[in-house]
Amino acid sequence: MEIKNYMEILVMEKLDIVIKANRTTCNCKRCRYDIAALALNSLPTRYVATSSGQHILK
Ligand SMILES: [Zn+2]
């Protein structure tokens with residue numbers, strides 16, 4: 001078992017959609033992680049317990 005931040009999973013999953021919707025956004029790894037960090041700083045943390053490798057999102 002492990003503890004994961006559900007918000008982190010959610011942000012990483014939605015990142016592609018957000019970047020595609022904003023054509024001026026740089027799509028390199030560095031900027032993607034910067035955007036994810038910015039988003040996570042303004043979101044509440046929601047930790048969930050999960051078995052490793054298990055998919056939390058449906
Ligand atoms: Zn970039």
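Note on the stretch 19-47: among residues that are more than 14 Å from the ligand (Cβ to nearest atom) and not small (Gly, Ala, Ser), the one that is farthest from the chain's Cα centre (by Cα) is Lys20. Thr50 meets the conditions (1) within 16 Å of the ligand (Cβ to nearest atom); (2) polar (S, T, N, Q); (3) surrounded by 14 or more Cβ atoms within 10 Å (Cβ to Cβ) in every case but one. The failed one is (1).
Matching residues to (1) in contact with a strand residue (DSSP E or B) (Cβ under 8 Å, 6 or more places away or on another chain); (2) part of a helix (DSSP H, G or I):
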| residue | (1), (2) |
| --- | --- |
| Met7 | no, yes |
| Arg23 | no, no |
| Ala37 | no, yes |
| Thr45 | yes, no |
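No lab work stands behind these numbers, since they all come straight from the coordinates. It should be emphasised that the depicted structure is a prediction, and the values quoted were computed from it without experimental measurement. All Cβ positions, even for glycine, are placed from backbone atoms using ideal geometry, and neighbour counts span all protein chains on display.
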